[in-house]
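These notes concern the structure reproduced below.
The values are calculated or read from the model by the stated rules, or taken from the named source; none is laboratory data. Note that the structure is predicted; figures quoted are calculated from it, not measured. As a convention, Cβ positions derive from the backbone with ideal geometry for all residues, glycine included, and neighbour counts pool all protein chains shown. Each accessible area value is taken on the protein alone, full model and side chains, heavy atoms only, with ligands, DNA and RNA left out. Shrake-Rupley method; radii C 1.70, N 1.55, O 1.52, S 1.80 Å.
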Amino acid sequence: LRGRELAGLLAPLLVASHDYDRVLLDAGAGIGSAVVSLAAICSRVLLLTTPEPTSLADAYATLKVLGREAPGLAIDLVVNGARDANEARETHRHLDGLARRFLGRPVVYRDFLPRDPRLAAESRSGIGGRTSAGARCRPP
């Protein structure tokens, strides 16, 4: 999103946010300027990663950029697709260690979303998937 597009999104979002305790915005993967701009107006960011090395590298890059562009921003980690709580905690320990060593900041562990083998099987077979709310989705 460019400046005007981002402003067009943010203005009504900020107005609406006064009616809610929390507003959750999925900025998608990557750390483009729109993500940085959106994060900078937030009081807290939930950073999602998976235990996969490429996802961890992206999460680290996001921490690095947000630490530079929005140094006081609270960032909490949610591990998505972990086999269990142990794998989620290990993923957090790894990212937290890197962040402490190279960025001088800890990463707060918030929670994890367990891997659902049914979702992976449905994705591979092309029969559809599930949204986070559990509603059934069918391909067009």
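For segment 47-93, a residue qualifies if it is of a type outside the set (Gly, Ala, Ser), touching a Pro at 6+ places or on another chain (Cβ under 9 Å) and surrounded by 20 or more Cβ atoms within 10 Å (Cβ to Cβ), and the qualifying residues are Val79, Thr91.
Listed conditions (1) in a loop (DSSP other than H, G, I, E, B); (2) under 20 Å from Leu103 (Cβ atoms); (3) touching a helix residue (DSSP H, G or I) at 6+ places or on another chain (Cβ under 6 Å) are all met by Val36, apart from (1). Figure legend. Inter-residue proximity from segment 108-119: first residues open to solvent by 70 Å² or more (accessible area, probe 1.4 Å), second residues among the polar types (S, T, N, Q), beta-carbon distance below 7 Å, spacing 6+ or different chains. Indicated pairs: Leu113/Asn80. Close contacts from segment 22-44, counting a first residue that is closer than 18 Å to Ala7 by Cα and a second that is open to solvent by 100 Å² or more (accessible area, probe 1.4 Å) and aliphatic (A, V, I, L, M), with Cβ to Cβ under 7 Å and a gap of 6+ residues or different chains, come to Ala34/Leu1. Quick check: anything in segment 20-29 at pLDDT 80 or above and either open to solvent by less than 80 Å² (accessible area, probe 1.4 Å) or in contact with a Leu (Cβ under 8 Å, 6 or more places away or on another chain) (or both)? Looking through segment 20-29, none of the residues is at pLDDT 80 or above and either open to solvent by less than 80 Å² (accessible area, probe 1.4 Å) or in contact with a Leu (Cβ under 8 Å, 6 or more places away or on another chain) (or both).
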